[in-house]
Amino acid sequence: MTTETDAPREAAQGSTPLPLPGTRGVPRVDQDAPAQTKKDFTSDQEVRWCPGCGDYAVLAAVQGFLPDLGLRRENIVFISGIGCSSRFPYYLDTYGMHSIHGRAPAIATGLATSREDLSVWVITGDGDALSIGGNHLIHAMRRNVNLTILLFNNKIYGLTKGQYSPTSDVGSVTKSTPVGSVDRPFNPVSLALGAEATFVARTMDSDRAHLTTVLKAAAEHRGTSLVEIYQNCPIFNDGAFQLLKDRDEKRARVLHLSDGEPVRSGAEHVVVRREDGTLAVAIESEVDPASILVHDTGADDPSAAFALSRLDDGSMAHLPMGIFRAVSRPTYDDQVRAQVEGARSTAGGPASEDDLAALLRGGDTWTVG
Amino acid sequence: MSSKPLQRLDRVVIRFAGDSGDGMQLTGDRFTSETAALGNDLSTLPNFPAEIRAPAGTLPGVSSFQLHFADHAVLTPGDRPDVLVAMNPAALKANLPDLPRGSTIIVNTDEFSKRNLAKVGYDASPVADGSLESWHVHEIALTSITVEALAEFGLTRKEKERAKNMLALGLLSWMYSRPLEGTEAFLRAKFAKAPEILEANLTALRAGYNYGETTEDFAVRFEVAPATMPPGTYRTITGNAAMALGLVTAAQRAGLPMVLGSYPITPASDILHTLSGMKRYDVTTLQAEDEIGAVGMALGASFGGALGVTSTSGPGLALKAETIGLGVSTELPLVILDIQRGGPSTGLPTKTEQSDLLQAIHGRNGESPVAVVAPQSPSDCFDIALEAVRIATTYRTPVIVLSDGYLANGSEPWRVPSLKDLPELDVDFATGPNDTDDDGAPVFHPFLRDPQTLARPWAVPGTAGLEHRIGGIEKADVTGHISYDPDNHDRMTRLRQGKIDGIADTIPDLQVEDPSGEARVLVLGWGSTYGPIAAATRLVRAAGTPVAQAHLRHLNPFPRNLGEVLRAYDHVVVPEMNLGQLALLLRGTYLVDVQSHTAVRGLPFPAADLAEVLHTAVAQTLEGVPS
Ligand SMILES: Cc1ncc(C[n+]2csc(CCOP(=O)(O)OP(=O)(O)O)c2C)c(N)n1
Ligand code: SF4
Ligand SMILES: [Mg+2]
């Protein structure tokens, strides 16, 4: 396997060489090879989502963006759980595993830890990630395994035909909650921040440009990147994000998160830090400009990112979108590999037959005959 | 040289028993090492409570370690001790029922206070009231002798008392003529950073030895000659240690990095501990968030071309079931170690049982066959690990290894194999296309099988041109694409089953041992009951009664000749530490009846009890009593 790590290269589209620490160690396409295209990443399998499903847009964005990474196709692996969204890997011509419900982060952890030369992606749904797979998800984030996790949040169980999910709003009337659900939903971004995630972002199926920017940043991040993607399910939860699809509504409601920039909507709202330290949304013309929050994705302390995630009470009146947090921390897989490598190099390289024989003998032997 | 007369014995069973905090496991381990160094054959049985520190001096807090050593081949840790060391009244009370009359008891009289006696319901001291008349009792103030021996030391009384297990060890070492050097070296290493504690322990050890030499209480000393064993280099080994070494050896010989995903659980945790110290052999250990995470990590690593292994006990195997099914469906190598314990539910965590057999073979949704193997002794765990890896990598399948608490913690001498005598393990990864499409162009088909083994190619990410997707949804034969076609599912189900059945082509026929050649009764076991069954047949044959013995190491598939073997005998006895799980499989598979003899007491079968069962079976068969 040739490994041309960190070799500078021209991005397939555009000309900025990406540093890509997230994919350090993953072999790159030869510089003189023909540029990869979306077609290279499209498998021969017929896509089988319902017409109008938000998953199509995300698939198209991912297929369109993967060439930008400049990685060898065979070194990219998509691992999914179970759900409509988890069919994703079948449609990409990379390596892939459509695993079992909720367990993709664990499977991906084993793969990513044992193979530094792979770019490992996890595809999961709100039920897959936050119900049955909640434990694996939080522990992957806590460990900071070098994975990019795309969480398709349609606030419903799609594949099982429309039961409420852990992100469904209170009062959701679904097949299993005919008089309305009573349990409060998770906010996936808050959950991820609480679970020590080092990269947390939120984006949306229908905003291709934003989706692509966030995916790029997520791939560049070394460690676990959790990207919540709002995804419309026209069959069982149509219009869950309708407010964000109307241009004027979106302008008024979405708070843009951009590193080093004040947090503001496209209209008149800004986020301010009040005297007591809490965050609030206010009309820009009515506040002291010095109180406007300047977003810092790299802040060591996740409190501000968490406070931002709590500005939305579920009504989407003020909804932060973009990268909440991106901090550099040692990754689990790098450190685990370093321990194994360290043990091997301290002992003078890979174990020989003699070393193995010595291991079998142990410390305390006696001889017969 | 000792001044006392030396008496030669051919075998001895000693049980050290005390409070969980008395260090009985360590004492037993050290006596085992001394005994191994002398060349006796041996077998051990640690037995301890699930609680880390049950209330001191109570019956549930009793921890014991039994050791059987002899000048001939030893098969079990021994049914009943010849010597009991009882560090307190609870240890005496808990173990007395196992002691044959006439055997020896050493009691630590310091602990026989009114209060301690009352704790276990003794009104009067059994040492004083004559109720132990039928035993040889040595009353020794082990604690005060220890404290006295350490008078010069600047330690607290509590610290001094703690060395009383070394005093007991020194005394027993004198009694059975064991050398102390090994234990001294062990203590020096263990307490390298605490010189005063080290000196105290060494002093107590020697004081115990000298006590034996000087006290009138012990008139004779014993010795047990070395057993004749095949020439070679030996060490003692527990089942869990042998399992870890077997896995590392297999991975190294197969040229694969090994990834263990595991979640701590008794009695399997020591495998995680041991392997976590073997990074130098390209072993990665991942302590997962739970058992499902652990097996997921192992399967993910296998997908990437490593040897994925997961270790657990029964409750953990239950949690792993769905992921093992994914391994069956994706046809990836995966080794699952189930170190069985008493069940159901939490059951008896520190006690042994064989009740996960049906869970291993059938405990998944759908037609989900996996290979199942079981070691028959602590050292056999090494060989069974190699066999599990061979099957997993050759057939691209999950393999479940059924060890148990008895094998895991029990130890015996092991002739360290020479690497060149071990079976070769070759693993081939797919490197290029394996088929052509309709137009004759080369293509890769992830489910195109090897005609011999029916195994599919192991094509790992990073291999250019072989990009493919696998998953738990039914796959079309050959191409591996999603398929809901009824005929295809029927074919794939049979192919997966056929692949596992075909493993039988590569496993040895079941060997039957019947020295007389006249046996009409066969005793058939599997897993850790080998020792007790073999010891029982030895007793039965010694009484002139012919009986045949066979033992299964492969539970799925069975050896090809098993049906034939069963039919060759008038009567088959199947002892199991469950309620008859193998018996059910045998009856269902071969339509042969067997006598299922079962016990689930958390302890191995006493050989004498099994011998009784076999005697009766043989007698009834000869009389023609219908079985
Ligand atoms: C162990 C197990 N339990 C339940 C299911 C059934 N199931 C499949 S997908 C799913 C929920 C999927 O919801 P989500 O993760 O939100 O994905 P979506 O279909 O909405 O994309 C459920 C309950 C299953 N496949 N496996
Ligand atoms: S059910 Fe909903 S989420 Fe699933 S494919 Fe159809 S539209 Fe998409
Ligand atoms: Mg969903």
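The values are calculated or read from the model by the stated rules, or taken from the named source; none is laboratory data. No experiment lies behind these values; they were computed from the predicted model shown. Note that each Cβ is placed from the backbone with ideal geometry, even for glycine, and that neighbours are counted across all protein chains shown. Ligands, DNA and RNA are stripped out before the accessible areas are found, and what is left, the full protein with its side chains, is counted by its heavy atoms. Shrake-Rupley method; radii C 1.70, N 1.55, O 1.52, S 1.80 Å.
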Flag if A:Ser114 is under 27 Å from A:Thr42 (Cα atoms), away from ligand 2 (no atom under 14 Å from the Cβ), polar (S, T, N, Q) and within 14 Å of chain B (Cβ to nearest Cβ)
yes
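Looking at the structure I just gave you, is B:Ser177 farther than 30 Å from B:Leu422 by Cβ and either assigned to a loop (DSSP other than H, G, I, E, B) or of a type in the set (Lys, Arg) (or both)?
yes
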Conditions: (1) touching a Leu at 6+ places or on another chain (Cβ under 9 Å); (2) more than 14 Å from chain A (Cβ to nearest Cβ); (3) surrounded by 19 or more Cβ atoms within 10 Å (Cβ to Cβ). B:Glu412 meets all but one. Number of the miss?
(2)
Test each condition in (1) under 19 Å from B:Asp82 (Cβ atoms); (2) open to solvent by 10 Å² or more (accessible area, probe 1.4 Å); (3) in contact with a Pro (Cβ under 6 Å, 6 or more places away or on another chain) for B:Thr44 and report the one that comes out false.
(2)
Please go through (1) open to solvent by 10 Å² or more (accessible area, probe 1.4 Å); (2) of a type outside the set (A, V, I, L, M, F, W, C); (3) within 16 Å of ligand 3 (Cβ to nearest atom) for A:Asp55 and return the number of the only condition it doesn't satisfy.
(1)
One residue is enough: does segment A:183-193 have a residue meeting the conditions surrounded by fewer than 24 Cβ atoms within 10 Å (Cβ to Cβ) and polar (S, T, N, Q)?
yes
Take the residues of segment B:247-283 that are polar (S, T, N, Q) and open to solvent by 20 Å² or more (accessible area, probe 1.4 Å): which is farthest from the other protein chains (Cβ to nearest Cβ)?
B:Thr266
Select the helices (runs of 4 or more DSSP H) contained entirely in segment A:291-369, then report the ones holding at least 2 residues which are modelled with pLDDT of 95 or more and facing another protein chain (nearest Cβ under 8 Å).
A:332-346, A:353-361
Going through (1) over 23 Å from A:Met141 (Cα atoms); (2) more than 16 Å from ligand 2 (Cβ to nearest atom); (3) charged (D, E, K, R) one by one, A:Lys245 fails only at (2)
Could you look through segment A:69-93, keep only residues that are of a type outside the set (Asp, Glu), more than 16 Å from ligand 3 (Cβ to nearest atom) and in a helix (DSSP H, G or I), and pick out the one that is most open to solvent (accessible area, probe 1.4 Å)?
A:Arg73
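Go over the candidates B:Leu555, B:Leu586 one by one and state the one that is under 30 Å from B:Val370 (Cα atoms), of a type outside the set (Val, Ile, Thr), outside any strand (DSSP E or B) and open to solvent by less than 10 Å² (accessible area, probe 1.4 Å).
B:Leu586
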For segment B:589-604 the number of residues that are open to solvent by 50 Å² or more (accessible area, probe 1.4 Å) and part of a helix (DSSP H, G or I) is 1
Among (1) open to solvent by less than 40 Å² (accessible area, probe 1.4 Å); (2) among the small types (Gly, Ala, Ser); (3) closer than 21 Å to B:Gln66 by Cβ, there is one condition B:Ala608 misses while meeting the rest; what is its number?
(1)
Mind checking which residues of segment A:99-129 are near ligand 1 (Cβ under 8 Å from one of its atoms) and either under 18 Å from B:Val309 (Cβ atoms) or in contact with a helix residue (DSSP H, G or I) (Cβ under 9 Å, 6 or more places away or on another chain) (or both)?
A:Ile100, A:His101, A:Gly102, A:Thr124, A:Gly125, A:Asp126, A:Asp128, A:Ala129
Looking only at segment A:121-157, which residues are assigned to a loop (DSSP other than H, G, I, E, B) and either open to solvent by 10 Å² or more (accessible area, probe 1.4 Å) or more than 16 Å from ligand 2 (Cβ to nearest atom) (or both)?
A:Gly133, A:Asn144, A:Val145, A:Asn146, A:Leu147, A:Asn154, A:Lys155
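Before we move on, is B:Leu92 over 19 Å from the mean Cα position of the chain (by Cα), at pLDDT 95 or above and surrounded by 23 or more Cβ atoms within 10 Å (Cβ to Cβ)?
For B:Leu92, the condition - over 19 Å from the mean Cα position of the chain (by Cα), at pLDDT 95 or above and surrounded by 23 or more Cβ atoms within 10 Å (Cβ to Cβ) - is met.
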Test A:Ala209 against the stated conditions and say whether it is assigned by TED's automatic domain parsing to the domain that holds A:Gly64, outside any loop (DSSP other than H, G, I, E, B) and over 17 Å from A:Leu151 (Cα atoms).
yes
Pull up segment B:289-302, narrow it to residues that are under 16 Å from A:Ile79 (Cβ atoms) and touching a His at 6+ places or on another chain (Cβ under 9 Å), then point me to the one that is farthest from the other protein chains (Cβ to nearest Cβ).
B:Ile292
Every residue in segment A:158-167 that is surrounded by fewer than 24 Cβ atoms within 10 Å (Cβ to Cβ) and either assigned to a strand (DSSP E or B) or within 14 Å of ligand 2 (Cβ to nearest atom) (or both), please.
A:Leu159, A:Thr160, A:Lys161, A:Gly162, A:Gln163
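Out of the residues in segment A:92-111 that are more than 16 Å from ligand 2 (Cβ to nearest atom) and more than 7 Å from every other protein chain (Cβ to nearest Cβ), which is nearest to A:Asp205 (Cα to Cα)?
A:Leu92
So that you can scan it fast, the table gives a plain yes or no per residue for (1) β-branched (Val, Ile, Thr); (2) farther than 22 Å from B:Leu150 by Cβ; (3) assigned to a helix (DSSP H, G or I):
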{"site": "B:Thr183", "(1), (2), (3)": "yes, no, yes"}
{"site": "B:Ala189", "(1), (2), (3)": "no, no, yes"}
{"site": "B:Leu198", "(1), (2), (3)": "no, no, yes"}
{"site": "B:Asn201", "(1), (2), (3)": "no, no, yes"}
{"site": "B:Asn210", "(1), (2), (3)": "no, no, yes"}
{"site": "B:Glu216", "(1), (2), (3)": "no, yes, no"}
{"site": "B:Phe222", "(1), (2), (3)": "no, yes, no"}
Looking only at segment B:496-513, decide whether some residue is over 29 Å from B:Val401 (Cα atoms), away from chain A (no Cβ under 14 Å) and either of a type in the set (D, E, K, R) or crowded, with 16+ Cβ neighbours inside 10 Å (or both).
no
Any residue that is assigned to a helix (DSSP H, G or I), modelled with pLDDT of 95 or more and surrounded by 24 or more Cβ atoms within 10 Å (Cβ to Cβ) - is there at least one of those in segment A:34-47?
no
If the requirement is being out of contact with any strand residue (DSSP E or B) (no Cβ under 6 Å at 6 or more places or on another chain) and surrounded by fewer than 21 Cβ atoms within 10 Å (Cβ to Cβ), which of these qualifies: B:Gly39, B:Gly18?
B:Gly39
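Determine which member of the set B:Tyr484, B:Tyr406 is more than 21 Å from A:Asn75 (Cα to Cα) and either among the charged types (D, E, K, R) or out of contact with any helix residue (DSSP H, G or I) (no Cβ under 8 Å at 6 or more places or on another chain) (or both). Steps first, answer last, please.
Numbers: B:Tyr406 fails: either among the charged types (D, E, K, R) or out of contact with any helix residue (DSSP H, G or I) (no Cβ under 8 Å at 6 or more places or on another chain) (or both).
Going through B:Tyr484, B:Tyr406 in turn, the sole match is B:Tyr484.
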For A:Asp205, the lone unmet condition from (1) buried (at least 20 other Cβ atoms within 10 Å of the Cβ); (2) away from ligand 3 (no atom under 16 Å from the Cβ) is (2)
Take B:Ser355 and tell me if it is open to solvent by 10 Å² or more (accessible area, probe 1.4 Å) and in contact with a Gly (Cβ under 9 Å, 6 or more places away or on another chain).
yes
